[in-house]
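Here it is, the structure, as structure tokens.
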There are 2 protein chains.
Amino acid sequence: MSPEKNNTINSHIKHRHLKLGLFGFGCVGQGLYHVLDETPGIKAEIKKICVKHRNKPRPLPHELFTFDGAEILNDPEIDVIVELIDDADAAFKIVKEALQKGKSVVTANKKMLAEHLEEIYELQQTYGKAVLYEGSVCGSIPIIRNLEEYYDNDLLAGIEGIFNGSTNYILTKVFEEKTSYEDALKKAQELGFAESDPSLDVKGFDPKFKLVIAIAHTFGVFVKPEEVINIGIDRISDLDLKFARDNCYSIKLIARAFKAGNQVFGFVAPQFIESTHPLYAVRNEYNAVQVQSAFAEQQLFVGKGAGSYPTGSAVLSDISALTYDYQYEYKKLHQLHDLAFSNRLIVEAFVSFDLGTAISISDFEHFESGYASHGKQYMVGKVSLEKLHKWSKLDGVGIILAPNASLEPQKEATTTKESILA
Amino acid sequence: MSPEKNNTINSHIKHRHLKLGLFGFGCVGQGLYHVLDETPGIKAEIKKICVKHRNKPRPLPHELFTFDGAEILNDPEIDVIVELIDDADAAFKIVKEALQKGKSVVTANKKMLAEHLEEIYELQQTYGKAVLYEGSVCGSIPIIRNLEEYYDNDLLAGIEGIFNGSTNYILTKVFEEKTSYEDALKKAQELGFAESDPSLDVKGFDPKFKLVIAIAHTFGVFVKPEEVINIGIDRISDLDLKFARDNCYSIKLIARAFKAGNQVFGFVAPQFIESTHPLYAVRNEYNAVQVQSAFAEQQLFVGKGAGSYPTGSAVLSDISALTYDYQYEYKKLHQLHDLAFSNRLIVEAFVSFDLGTAISISDFEHFESGYASHGKQYMVGKVSLEKLHKWSKLDGVGIILAPNASLEPQKEATTTKESILA
């Protein structure tokens, strides 16, 4: 049982030794450095790290650092660029140049990926080099790899989950410890779960970027982030929280995409979650992905969505996969045809708003119930996603999807309008 | 974005068209047939199916069937043997002969795999053909593939979970619907979750077989099933159930393995589970696997552990992987060295037994509490796994691990013995 013996069976798998060039040495970069350092047997070493700030103290010998990206990109010895910087535009330039120079790329930059995924796909085709990005979607959860490899031939009906750890942390604290929204956000930032600009998280942009990437690997559809509707948790009011508590619901910020006919729908929105729902128990900074497949049925993956080690571990798995020349095949792109992304969806939602806001029963396709008290109004019913999106930008409007909300592709509006409360 | 264009990037991945020979056409075999039939783009077709009973009505044309295995094994056109029969000994013969004849194998036969895993590993080395068996461990959950590929370079500390759907179904019904143990078992059998011989499930053999396979891919250690201790749920008494309910616990049959120093421990036993535990919410026939890794931290996979479609889907994923010559590398076998399996473990358990049974406080390394009523005695404390195993064979003895039970490698016994109740 010597390692040599294994060469008989796996002789077709040649593991290469990789030299890495890092861009960025923040939380994930440092996590990767330690993960790499403590992992025996991984055939990769960091040759150079490009950083921005000249005067920051660094925990590693200064020879390892450079302030000039070209030094890495033009180094013929470096096989793989690991891109871990914040700036999405600069990151895309690095990825593009790396591919043009015959280097593979590992990145966890969800904003950059979401904005440029189709181009990145085409660049990979053109230059024959891989871009891997497992760490970009739900940190440590191996969802991209499983969508690519394991659900390869299964028919996927939908994917949904908690794609953002900081909002889940905030909502968990708000519900379990009855802390205020502001205190929970502050705590999340202190712990490093929330970005310094929390609007990416609380307004639902961060989970939307991840959803855009997941949609490509689930349905083979490239969609631009600006086409996908995101409704955040930032306008959830005390009234909404009280309603949730009175009904033993939790609130989670859910990213979701599904197929209906030849349409793919996808959006991010808060939702009331019943205690029997598999996502109810996903607490604090944990992320979760539920895959609905025709044959494997419901599958749930839970793991840490952020943090230097969990994300560093995902990045390392990608580096490891590059030692045997792994590439995403984007299989669904070739299996599924004529699928188009759409926002023409009717969803069941709770809408709370200040008296006087221009929202009325006639806006609903199907109005279920409503009440008013203390200057606030509450309406529950089926309404178009696009209308919800418009309302979500109004001051004082809280939008939360119903528990197990029905989601129906939009037809011509023919429903009757009730007239309580109009 | 034509499929042809993709050949540029993925030219190194050649998908072969496979001809399959099936052994067995029961629940999983029929599931596979339908899954294959309804999946566009999978490059595999069933050429022949070997079945045992000549007179059973078959839903497919009779030319597809044979009663002579040699017809399949000797057919040079058949690339892959899909082994889906019950009999573990006959199954191993088929696997061995298939490899010798240059065919790859897909199987979900956990008993056969657990009993012969080291031989099967060596046969793969010798003959250079693959044996894939994702469907053997927790049905639809892609745990083997993730252990092999994704946690490749992460340091795994442990793996545990609910590896048996029928006992989980029974325990869920007993707790949630307060049905009797017997009724729940009968219902599980009717639904096809429990084997016709339920002892494999309720005595914990089935999850033990799966654990043996998981241990090989988590720690690179081959262990024989007879070396691994399994304590079932068949002796759980009404007193145990009452205790669980009074304390808001659930009971789950947990399979678990972990590394401590250079020892690997592994066993199957019922355990009290608190409502905040991630496995508490895993209900009915669902399985779950928790992976504890150094960097990715806690990861949870949940999915259906049995059923024709979920298992058929796992089998199909293996077939699909064979179209690009995928093989398990058994990487941990080459990364981790000097690990030895051991049962020398002290665990924290609740032991209930009839008055007069030869169990006393002095048997415990550390005795915590005890009480007696209605002819039954109850002792709680830390005790050796081997002693628990011995007791588990005595009539009227119920053994359930404490919630979050401490597990300590055994040292020489030096603990003080208290003397209440002796």
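Readers should treat all values here as calculations from the given coordinates under stated rules, not as data from a laboratory. Keep in mind that what you see is a predicted model, and the values were worked out from it rather than measured. Cβ atoms come from the backbone with ideal geometry, glycine included; neighbour counts cover every protein chain shown.
Using label points projected 7 Å from each Cα along Cα→Cβ, tell me how many nm separate A:L64 and A:E45, to one decimal.
1.2
Placing the label point 7 Å from Cα along the Cα-to-Cβ direction, what are the distances from A:K43 to the equivalent spots in the other copies, shortest first, in nm to one decimal?
For A:K43, the other copies' label points sit at 2.5 nm, shortest first.
Continuing with the same structure: Roughly what % antiparallel, to the nearest 5, for the DSSP beta bridges in chain B? Write out the running numbers ahead of the final one.
Numbers: 52 of 76 bridges.
Rounded to the nearest five, the antiparallel share is 70 percent.
Regarding chain A, what are the three Cα extents along the principal axes, ordered largest first, in Å?
75, 48, 42
Given H placed on each backbone N at 1.01 Å, which residues far from B:I49 in sequence or on other chains put an amide H within less than 5 Å of it?
Correct list: B:L22, B:F65, B:T66.
Give me the extension gain from A:A294 to A:S199: residue separation times 0.36 nm, minus the current Cα-Cα distance, reported in nm with one decimal. Kindly include the intermediate steps, with their values, before the conclusion.
Details: separation 95, 0.36 × 95 = 34.20 nm, distance 3.61 nm.
Gain on stretching A:A294 to A:S199: 30.6 nm.
Loop-only check: which chymotrypsin sites (Phe, Trp or Tyr not before Pro) in the range A:33-105 are DSSP coil with at most 14 other Cβ within 10 angstrom? It would help to have the intermediate numbers written out before the result.
Values: sites: A:Y33, A:F65, A:F67, A:F92; in loops: A:F67.
Qualifying residues, ordered by number: A:F67.
What FRET efficiency, computed as 1/(1 + (r/R0)^6) with R0 = 25 Å and r the Cβ-Cβ distance, is obtained for B:T179 and B:K393, rounded to the nearest 0.05? The partial results should precede the final answer.
Working: r = 27 Å, r/R0 = 1.08.
Computed FRET efficiency for B:T179 and B:K393 comes out at 0.40.
Which pairs in the list B:K259/B:K331; B:K19/B:K52; A:K111/A:K332 are over 19 Å apart, alpha-carbon to alpha-carbon?
Over 19 Å Cα-Cα: B:K19/B:K52; A:K111/A:K332.
While we're looking at this one, here's another question. Given a Förster radius of 51 Å and the C-beta distance between A:E190 and B:E227 as r, what FRET efficiency does 1/(1 + (r/R0)^6) yield to the nearest 0.05? Kindly include the intermediate steps, with their values, before the conclusion.
Working: r = 48 Å, r/R0 = 0.94.
The computed FRET efficiency comes out at 0.60.
Next question, about the same structure. Under 8 Å for C-alpha pairs, at least 6 residues apart: give me the relative contact order for the range B:345-409, rounded to a whole percent.
Numbers: 116 pairs, mean separation 32.0, N = 65.
Relative CO of the range B:345-409 lands at 49 percent.
Just to be sure I understand: with springs between alpha-carbon atoms less than 10 Å apart, which residue in A:L185, A:L84, A:L394 has the highest mean-square fluctuation in the Gaussian network model of chain A?
Residue with maximal mean-square fluctuation among A:L185, A:L84, A:L394: A:L394.
Residue by residue through B:143-152, how many Cβ atoms from other chains fall within 10 Å of the Cβ on average? Display every interim value, and only then the final one.
On the way: counts 0, 0, 5, 7, 0, 0, 10, 13, 4, 9.
Across B:143-152, the average partner-chain Cβ count within 10 Å equals 5.
Placing a label point 7 Å from Cα toward Cβ, how far apart in nm is B:S360 from its equivalents in the other copies, listed shortest first to one decimal?
Distances to the matching label points in the other copies: 8.6 nm.
Evaluate the distance, in nm, between pseudo-label points positioned 7 Å from the Cα of A:N247 and of A:D75 along their respective Cα→Cβ axes.
Those two pseudo-labels are separated by 5.6 nm.
Same structure again: Check each of the GluC sites (Glu not before Pro) in the range A:58-98 and keep only those in coil by DSSP with at most 11 other C-beta atoms within 10 angstrom; list them in order.
Numbers: sites: A:E63, A:E71, A:E77, A:E83, A:E97; in loops: A:E77.
In loop regions of the range A:58-98 (DSSP not H, G, I, E or B), the sparsely surrounded GluC sites (Glu not before Pro) are A:E77.
Per residue of B:36-44, how many C-beta atoms from partner chains lie within 10 Å of its own C-beta, taken as a mean?
Details: counts 2, 0, 3, 7, 5, 7, 4, 1, 1.
Going residue by residue through B:36-44 and averaging, the value is 3.
Principal axis lengths of the protein assembly as shown from Cα atoms, whole Å, largest first?
Answer, in whole Å and largest first: 76, 67, 64 Å.
Can you tell me the orientation of helix B:88-100 relative to chain B, as the angle in degrees between its alpha-carbon axis and the longest Cα principal axis, to the nearest 10?
Helix B:88-100 sits at roughly 40 degrees to that axis.
Please tell me which of these pairs span more than 31 angstrom C-alpha to C-alpha: B:K103/B:K304; B:K48/B:K129; B:K304/B:K376? Each step should come with its number before you reach the end.
Values: B:K103/B:K304 29 Å; B:K48/B:K129 20 Å; B:K304/B:K376 37 Å.
Long pairs (Cα-Cα over 31 Å): B:K304/B:K376.
How many nanometers, to one decimal and shortest first, lie between the label point of B:E177 and those of its other copies, if labels sit 7 Å from Cα toward Cβ?
Copy-to-copy label distances for B:E177: 4.1 nm.
Quick check for me: using +1 on Lys/Arg Cβ and -1 on Asp/Glu Cβ, what's the dipole size of chain B about its Cα centre, in debye to the nearest 20?
Numbers: 45 positive and 57 negative charges, 61 e Å.
It works out to roughly 300 debye.
Hey, another quick one. Among DSSP beta bridges lying fully in the range B:12-136, give the percent that are antiparallel, nearest 5.
Beta bridges within the range B:12-136, antiparallel portion: roughly 0 percent.
Please check: in the Gaussian network model of chain A (C-alpha springs, under 10 Å), which one of A:A340, A:A269, A:A294 has the largest mean-square fluctuation.
A:A294
Which chain B residue hugs the B-A rotation axis most tightly by its Cβ, and what is that distance in angstrom, to the nearest whole number?
Residue nearest the B-to-A axis, with distance in whole Å: B:A281, 2.
A further question on this structure: Tell me the angle of helix A:181-190 to the major Cα principal axis of chain A, expressed in degrees between 0 and 90 and rounded to the nearest ten.
Its long axis makes an angle of about 0 degrees.
Among B:H337, B:H17, B:H374, which one moves the most in a GNM of chain B with springs linking Cα atoms closer than 10 Å?
Highest fluctuation among the options: B:H374.
Residues of B:283-294, mean number of Cβ from any other protein chain within 10 Å of their own Cβ, rounded to a whole number? Let's see the in-between values first.
Working: counts 2, 0, 0, 5, 0, 2, 0, 2, 1, 0, 5, 5.
Shielding by partners across B:283-294 averages 2.
Mean separation of Cα pairs under 8 Å and 6+ residues apart, divided by the residue count of chain A: what relative contact order is that in percent? Write out the running numbers ahead of the final one.
Numbers: 861 pairs, mean separation 72.5, N = 422.
RCO, chain A: 17 percent.
May I pose another question? Given a Förster distance of 51 angstrom, what is the FRET efficiency for A:E118 paired with B:E368, based on the Cβ-Cβ distance and rounded to 0.05?
The pair A:E118/B:E368 has a calculated efficiency of 0.25.
Ignoring the sites themselves, what is the longest stretch of chain B with no trypsin sites (Lys or Arg not before Pro) in a DSSP loop and at most 13 other beta-carbon atoms within 10 Å? Please report the intermediate quantities before stating the final value.
Values: sites that count: B:K14, B:R16, B:R54, B:K178, B:R344, B:K393, B:K411.
It works out to B:179-343.
Okay, moving on. Below 18 Å, Cα to Cα, which aspartates and glutamates can A:K101 reach? Residues fewer than 8 away in the same chain don't count.
The qualifying aspartates and glutamates are A:D68, A:E71, A:D75, A:E77, A:D79, A:E83, A:E119, A:E122, A:D325.
Okay, moving on. Once both labels are modelled 7 Å past Cα along the beta-carbon direction, what's the A:Y280-B:E386 spacing in nm?
4.5
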